[in-house]
Amino acid sequence: MQQCIRFESRFVPAELKVSAESLHAEALLNLDGIRNGTCAGGEWTGWFDYPARSGWPILDTIEDFVRKNDTFFDLVIVVGIGGSFAGSKAVSDALNHSFIHALPRSAGVPVVFAGHNLNEAGLLELIDLCDRRQPMINVISKSGTTTEPGVAFRILRSYLEKRFGEREAARRIVVTTDSKRGALRALAREKSYRAFEIPDDIGGRFSVLTPVGVLPLAFAGFDVRAMMNGAESVFADFRGDAVAGRLKGAGAAAIEYACLRRASWEAGKRIEVMNVADPKLSGYVEWWKQLFGESEGKGGLGLFPAGFLSSTDLHSMGQYLQDGPRNLIETFLVFDQPTARSSIERRLAIPSQSGNADELGYLEGRHVEDLNVAVTQASQLAHADGRVPVFEIRATRLDEFNLGALFAFHETVCAISALLLGVNPFDQPGVEDYKKNLFALLGKPGHEAQGATLRRRLGR
Ligand code: PA5
């Protein structure tokens, strides 16, 4: 199977490497715990090796469903929050044309997102877009009771019903939720919406390879089979005797990276910055932030995951990275072939001009992408000189296969890292606290007493 993920730690102090090595045996035991479901939160490890466990037949069902769909649509709306939207957004942002909305329909199907905030203007503007398009909605919520997607879905559902009538609206709505529980499941039954299941043993932020991520991407025409294959290629590297340390490729890389992250925490580091040099990867960085933030940030522990977009942030946050508190590590996500598919057939070189008034003559004929590679190299060297431990995760090219591989890689690194810190990677008690407060403040039946207490504390 094609090998695509590599890990580099050239710019890492020797003492950090020594301390990371002493954690290898523990990391391998944790990997075994994830594999066997015996680690903390072991009942939530269905994401590990998901393609081989159950991913392929589910993918067949989704592809079949999308193929047989006979309702015309030219816009996919994903309604969801957290793990219910971040993965599909990462892929569509990375692979769709950046200006797809402004291009003819032949450029592809735009994927837009709602339900991840309660911004009224945003919803009104989305309805403006819907008026010009034929939308298909995939509403996604594991619990089926989260307020933000619930509200957005009610508004969009009522828009669809008014515009198309109940029957046609029902054909334009697909639900992804828990197999039995939650308001969304009940609504799907009542309205006969087509519904897909989020497996019981997979939590939101680990669910990108399940129908949560795969269904909307398949609707929008992405190669979800390649994405699953990419993930499979990484999980294959974790097979074999982990405790004996015979891991290869991405498996060995994941162990090394997780140990270095843990050693960094011990060495007083408190922030991990993911540096990407392509705005199309901002969605991937957001997915990564949720994965690590929600999985590790518990009990006063965990590196704070922060995103950094070069060159933009080099001219703002770059100063802090170079010269602020030395409590951070930096991980660059880079691609051998970084050009997105929408532009892969074309290259853009610096044009030659008569004269050299702009003093850029020395760049003539060179591709913009090659200059961008130099930006990454220049920052790695500068930040290493500024005593930031610099890591590099390298994938082959920006496509579905590599993104699938990166999802599998980061999920496994995250779970091992959290276990090395001694925290359960798969719960999110802090998020539940805010959800309960919101129910109480909005007056949800059953939460009235807590609502009154909270309003008193707010002085309202
Ligand atoms: O990782 C998680 O479980 C959470 O971030 C959820 O994805 C998020 O809270 C959304 O929840 P739900 O899918 O239940 O609406």
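Relative contact order of the chain, please, whole-number percent, based on alpha carbon pairs below 8 angstrom and at least 6 residues apart.
Working: 780 pairs, mean separation 110.6, N = 460.
Relative CO of the chain lands at 24 percent.
What's the center-to-center distance, using Cα atoms, between segment 54-99 and segment 407-460 in Å?
Cα centroid of segment 54-99 versus Cα centroid of segment 407-460: 27 Å apart.
If Lys and Arg each add +1 and Asp and Glu each add -1, what is the summed charge of the other residues whose beta carbon sits under 13 Å from the beta carbon of F11? Mind showing how you got there, number by number?
On the way: positive: R10, K17, R387; negative: E8, E330, D385, E392.
Net of charged neighbours comes to -1.
In this model, which of K89/K435; K68/K248; K17/K298; K142/K269; K162/K289; K280/K444 are farther than 31 Å apart at the alpha-carbon? It would help to have the intermediate numbers written out before the result.
Details: K89/K435 23 Å; K68/K248 41 Å; K17/K298 25 Å; K142/K269 34 Å; K162/K289 38 Å; K280/K444 39 Å.
Over 31 Å apart, Cα to Cα: K68/K248; K142/K269; K162/K289; K280/K444.
Would you kindly calculate the translational diffusion coefficient of segment 44-223, applying Stokes-Einstein with the Kirkwood radius from alpha carbon pairs, for 4 °C and a viscosity of 1.567 mPa s, and quote it in µm² s⁻¹ without decimals? Mind dumping the intermediate values first?
Working: Rh = 16.3 Å.
Value of D from the Cα-based Kirkwood radius: 79 µm²/s.
Going toward the positive end of the dipole of segment 369-422, with +1 on Lys and Arg Cβ and -1 on Asp and Glu Cβ, which of A384, N372, G404 do you reach last?
Projecting each Cα onto the dipole axis, the largest value belongs to A384.
With +1 assigned to the C-beta of every Lys and Arg and -1 to the C-beta of every Asp and Glu, and no other charges, what is the dipole magnitude of the chain about the Cα centre in debye, to the nearest 20? List each step's numbers first, then the result.
On the way: 52 positive and 56 negative charges, 298 e Å.
Result for the chain is approximately 1440 debye, rounded to the nearest 20.
Write out the chymotrypsin sites (Phe, Trp or Tyr not before Pro) in segment 41-74 meeting two conditions: DSSP loop, and at most 11 other Cβ atoms within 10 Å of their Cβ.
On the way: sites: W44, W47, F48, F65, F72, F73; in loops: W47, F48, F72, F73.
Listed in order of number, the matching sites are F72.
Counting pairwise Cα distances across the chain, what percent come out greater than 38 angstrom?
Details: 28651 of 105570 pairs.
Of all Cα-Cα distances in the chain, 27 percent exceed 38 Å.
How large is the dipole of segment 225-333 about the Cα centre if only Lys and Arg carry +1 and Asp and Glu carry -1, each at its Cβ, rounded to the nearest 20 debye? Present the calculation step by step, with values, prior to reporting the outcome.
Details: 12 positive and 13 negative charges, 43 e Å.
In debye, rounded to 20, segment 225-333 gives about 200.
Please report, in cubic angstrom per residue, the volume enclosed by the convex hull of the alpha-carbon atoms of segment 300-385.
On the way: hull volume 12.4 nm³, N = 86.
Taking the convex hull of the Cα positions in segment 300-385, it is 144 Å³ per residue.
Quick one: F164, F99, F222, fewest Cβ neighbours within 10 Å first, how do they rank? Walk me through the numbers before you get to the answer.
Numbers: F164 16, F99 9, F222 25.
Going from sparsest to densest Cβ surroundings: F99, F164, F222.
Using every Cα-Cα pair within segment 234-313, state what percent have a distance larger than 16 Å. Mind dumping the intermediate values first?
Working: 1966 of 3160 pairs.
Every Cα pair in segment 234-313 considered, those over 16 Å come to 62 percent.
Ranking L333, L29 by Cβ neighbours within 10 Å, fewest first, what do you get? Kindly include the intermediate steps, with their values, before the conclusion.
On the way: L333 21, L29 16.
The fewest-first ordering by Cβ neighbours comes to L29, L333.
Using the Cβ atoms and a cut-off under 14 Å, what net charge is assigned to the surroundings of R171, where Lys and Arg are +1 and Asp and Glu are -1? Don't jump to the answer; show the numbers that get you there.
On the way: positive: K68, R157, R163, R167, R172, K191, R194; negative: D70, E161, E166, E168.
Net charge in that neighbourhood comes out at +3.
Compute, for segment 44-223, the length of the dipole vector about the Cα centre, with Cβ point charges of +1 (Lys, Arg) and -1 (Asp, Glu) only. Units Debye, rounded to 20. Provide the component values of the computation, followed by the final result.
Values: 22 positive and 21 negative charges, 86 e Å.
Here the size comes out at about 420 debye.
Here, each number is a calculation from the coordinates, and none is a lab measurement. Computed from a prediction, not measured in an experiment: that's the story for all the values here. Counting neighbours? That spans all protein chains shown, and the Cβs are built from the backbone with ideal geometry, glycine included.
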